[in-house]
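Comments concern the structure below.
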Amino acid sequence: MLIAASIRSLLIAVCVFVAVALVALIPRTFTVTVDPDYWLVPDGRLDWQAYGENIRSFAANFFENGSLGTTRYGEPVGPVVVKALLLSLPVIAGALSVGFLLGIPKGIFDYLLSRTRFSVLGSGTTWLIQALPDFFLLLVVRWYLIHHPIADIRFFAREGWESLAIPIALAAVYPIFYIARITSAAIASEEGKMYVKTARAKGMPDHVVFSRHVMSNAAGRVLTHFMPLGVYILSSLLLIEALRNVPGASYRMFQAIDYNKVTASTGNAEPGVIIGIAFGFMVLVQLFHLIGYLARRRFSIR
Amino acid sequence: MKKNVLLWIGGGMTILLFAIALFGSYLPFIDSELKEERFRMHDGHLLKAPYDVSWENPLGSSKFGVDNLSRIVVGAKETLLIVFAVSLLRYAIGIPLGLLARRRRGFAHALLTFLNQLFSSVPALLMTVLFAAIPFFLFSTGRLYWMIGIMALVEIGRVGYIVQQQAAALSGEAYMEAGRASGLRPFRLFKAYYLPALLPEMVVHFCLDLGKVLILIGQLGVLTVYLNPGSAEAGMNNDFEFVNTAHDWGSMISDHVPDLNFGHFGSIMIPVFAIVYAVMAFSLLGEGLRRKFNRNGPGA
């Protein structure tokens, strides 16, 4: 039963990967005609011949030479993809860790406040900040650090502590407040349960009840959100990297997609990079899944 | 009874937003034709666009002299239409798909799982840009509609998943069993049993989804992925550049992204603030509705 389920999810993962590859390999050629009024009329209809040729040559290259092709600069794709992923990985790991390390205490704090009349300060601020669009915070931070430099912090740093601290701080904002919300809700629902009341009635000190019973069960609930948070961070990473001009995994893929307003330059699409990074993302997401699952198992044994 | 503050604030903000979108163009100080005014005489001095904040331009003007406040107001209708189109499409397809998949087996469930996996392995934003770059969509005249479809498609999995979970939970209820035992056809079961029970949650999620779509539009704007690039202007050598003729807020952001390279943040923050306001309005409304439905209990 378990084996059937894992085979099925593996099959779906393969289908997904093939679907992404097929979309990435669509040829970017288009024809332009001039109509009688001298307007340029572009035509982007799919050229099936070219598409088939793209797929065939890519597959041949992949299965025979084990390579994903070359980037627009002529380098082999493999090392470029690995480099891009390695640039992003510390930021993702940092943002996830900071998210949980700061989010859980904030959630506990929110819950404790919610029973007083200052509850707005707790869950109110949490809700407000996680409802804001991420690009808003990004633009404000970029504006502020450029126009009012504090202590020589460089927004666009590529090495030094700022190169990690700034993107991690930016990427961790939403996770912190999202986890705070989840934690607060999980604690609230655990507190109402019978075993907690029993423990309290039996005279167990409050903090022991809290840490031994409430928190460990709530922790299991909170950790189910590890994977969706990881995926969210991958998504928000695109804007952070784009605005800081860092070719991490997300932004490098965006560059490889080569969406361009000035269409003369759409010769730069790199399907190999897109496919390579997409594969990297899938592996990462499976890793998040695994970590979340293991962490949950460790906590909900009791 | 404790007043539902969130609902009042959210409702008020949303109504104001709709009022601006529908009637704003008719206000006397709004230039609904969005005329360009590249030069202006003021006190005997010749001024060149962009103009500073003044009584004539309460929020300043663009590089071509179009009043920013007018542009925001005129663009509100376009933006809201796009947002509603995307959300409605998501739910129109997501709800039936989720309902059909409630037993967690069969074709609908496989399709839903596939869609969810597809758009969670590669982040939604990147998938949207990947689809948007395909020449068939990029150069078609109906590009805006394709983009609406793409933006809707990318999150259908999430909507369907939520509906599936809730429908699965509902299936176990006694009155559902009664309905099935009476021999009701699936369609009637959906219409008379599932939908009324799911409706409150769906309304809340729909409001929050409006906010999410608007955030997506804003993100695409920052990445200069235009939703509706407008006419093409010829360059040399048979190439051409899209010239933006749309006024939705996402396109406004894209128009001003080059200003960031010169350190001019003022012009880009205007549409950004408009988006933040609208997102807050929808989120507050959604949260307010959620509190209201939770207070009244299920079956409201």
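Nothing in this text is a laboratory measurement; each read-out follows from the coordinates by a stated rule. Predicted model only: the values in this text are computed from it and were never measured. With ideal geometry, Cβ positions are generated from the backbone for all residues, glycine too; neighbour counts draw on all protein chains shown.
Candidates B:PRO186, B:ALA76, B:LEU199 compared by Cα position along the dipole of region B:66-217: farthest toward the positive end lies B:PRO186, with charges placed on Cβ.
Do any trypsin sites (Lys or Arg not before Pro) in region B:18-76 lie in a loop, going by DSSP, with at most 13 other beta-carbon atoms within 10 Å of their beta carbon, and if so which? Don't jump to the answer; show the numbers that get you there.
Details: sites: B:LYS35, B:ARG38, B:ARG40, B:LYS48, B:LYS63, B:ARG71; in loops: B:LYS35, B:ARG38, B:LYS63.
Passing both the DSSP loop test and the Cβ count: B:LYS35, B:ARG38.
All alpha carbon pair distances within chain B were sorted into 20 Å bins beginning at 0; the resulting P(r) in whole percents reads 28, 50, 19, 3, 0.
Annotation for A:THR224 and B:PHE107: the two label points, set 7 Å from Cα along the Cα-Cβ direction, are 3.1 nm apart.
When the helix-only estimate is applied to chain B (DSSP H runs of n ≥ 4, each -39,500 (n - 2.57), divided by the residue count), what is the mean residue ellipticity at 222 nm, nearest 500 deg cm²/dmol?
Numbers: 11 runs with 192 residues, N = 300.
Using -39500 (n - 2.57) per qualifying helix, the result is -21500 deg cm²/dmol.
Shape descriptor for region A:78-152: Rg over Rh equals 1.13 (Cα atoms; Rh from the Kirkwood inverse mean 1/r). Positive contributions from Lys and Arg (+1) and negative ones from Asp and Glu (-1), summed over other residues with Cβ under 11 Å from the Cβ of B:PHE29, come out at -3.
In debye to the nearest 20, how big a dipole does the protein assembly as shown give about its Cα centre with +1 on each Lys and Arg Cβ and -1 on each Asp and Glu Cβ? Write out the running numbers ahead of the final one.
Numbers: 51 positive and 39 negative charges, 726 e Å.
Computed charge dipole of the protein assembly as shown: roughly 3480 debye.
Label-to-label distance for A:THR198 and B:ASN4 is 3.7 nm, based on points extended 7 Å past Cα in the beta-carbon direction. Helix content alone sets the calculated 222 nm mean residue ellipticity of chain A: runs of n ≥ 4 DSSP H residues at -39500 (n - 2.57) each, divided across all residues, give -23000 deg cm²/dmol.
May I ask you to sort B:ILE134, B:ILE93, A:ILE3 by Cβ crowding, counting other Cβ atoms within 10 Å and putting the fewest first? It would help to have the intermediate numbers written out before the result.
Values: B:ILE134 21, B:ILE93 15, A:ILE3 7.
Final ranking by Cβ density, sparse to dense: A:ILE3, B:ILE93, B:ILE134.
With the cut-off at 32 Å, report for the protein assembly as shown the share of all Cα pairs above it, as a whole percent. Tail of P(r) above 32 Å: 54 percent of Cα pairs.
Between B:LEU97, B:LEU46, B:LEU115, the GNM of chain B built on Cα springs shorter than 10 angstrom shows B:LEU46 fluctuating the most. Whole angstrom only: what separates the Cα centroid of region B:136-199 from the Cα centroid of region A:1-54? The distance from the Cα centre of region B:136-199 to that of region A:1-54 comes to 27 Å. The GNM of chain B, with springs linking C-alpha atoms under 10 angstrom apart, assigns the highest mean-square fluctuation among B:ALA101, B:ALA110, B:ALA124 to B:ALA110.
Tell me, what is the FRET efficiency for B:LYS292 and A:LEU145 to the nearest 0.05, using R0 = 35 angstrom and their Cβ-Cβ distance as r? Could you put the intermediate results ahead of the total?
Numbers: r = 41 Å, r/R0 = 1.18.
The value I calculate is 0.25.
Placing pseudo-labels 7 Å out from each Cα toward the beta carbon at B:SER140 and A:LEU11 gives an inter-label distance of 3.1 nm.
Between exposed chymotrypsin sites (Phe, Trp or Tyr not before Pro) in chain B, where DSSP calls loop and at most 10 other Cβ atoms lie within 10 Å, what's the longest gap? Provide the component values of the computation, followed by the final result.
Numbers: sites that count: B:TRP55, B:PHE262.
Segment B:56-261 is the longest.
Treating only the Cβ atoms of Lys and Arg (+1) and Asp and Glu (-1) as charged, compute the dipole magnitude of region A:72-139 about its Cα centre; round to the nearest 20 debye. Could the numbers behind the result be given before it?
Numbers: 5 positive and 3 negative charges, 31 e Å.
My answer is approximately 140 debye.
The alpha carbons of region A:12-162 give a radius of gyration and a Dmax of 24.9, 74 Å, in that order.
To the nearest 20 Debye, how big is the dipole of region A:195-268 about its Cα centre, given +1 on the beta carbon of each Lys and Arg and -1 on that of each Asp and Glu?
On the way: 8 positive and 3 negative charges, 92 e Å.
Charge dipole of region A:195-268: 440 debye, to the nearest 20.
Using the charge dipole of the protein assembly as shown (Lys, Arg: +1 at Cβ; Asp, Glu: -1 at Cβ; taken about the Cα centre), state which of A:ASN65, A:TRP39, B:ALA152 has its Cα farthest towards the positive end. Farthest along the dipole direction, towards plus: B:ALA152. Computed 3J(HN,Hα) for region A:34-41, one whole-Hz value per residue from the Karplus formula 6.51 cos²θ - 1.76 cosθ + 1.60 where θ = phi - 60°, is 9, 8, x, 8, 6, 7, 7, 10, glycine and proline marked x.
For chain A, return all DSSP H helices satisfying: extent of Cα atoms along own axis at least 15 Å; mean Kyte-Doolittle hydropathy at least -1.0.
On the way: long enough: A:2-24 (33 Å, 2.60); A:48-65 (25 Å, -0.59); A:77-114 (52 Å, 1.63); A:134-147 (20 Å, 1.45); A:161-191 (41 Å, 1.01); A:226-244 (26 Å, 1.56); A:271-299 (42 Å, 1.30).
Answer set is A:2-24, A:48-65, A:77-114, A:134-147, A:161-191, A:226-244, A:271-299.
Counted by Cβ distance under 14 Å from B:PRO200, the other residues give a net charge of +2, where Lys and Arg count +1 and Asp and Glu count -1.
Full extension of the chain between A:ILE153 and A:PHE62 yields a length gain of 28.4 nm, computed as 0.36 nm times the residue separation minus the alpha carbon distance. Residue exposure proxy: B:HIS264, B:HIS247, A:HIS213, ordered by other Cβ atoms within 10 angstrom of their Cβ from fewest to most, comes out as B:HIS264, A:HIS213, B:HIS247.
Using the Cβ of A:LEU223 as centre and a radius below 13 Å, the other residues enclosed give a net charge of +4, where K and R count +1 and D and E count -1. Between A:LEU284, A:LEU239, A:LEU121, the residue with the greatest mean-square fluctuation in the GNM of chain A (Cα pairs under 10 Å linked by springs) is A:LEU121. For q = 0.10 Å⁻¹, what log10 I(q)/I(0) does region B:140-294 give under the Debye formula with an equal point scatterer on each alpha carbon and no solvent? Relative scattering, expressed as log10 I(q)/I(0), comes to -0.55.
Helix B:107-121 and the longest principal axis of the Cα set of chain B meet at an angle near 40°.
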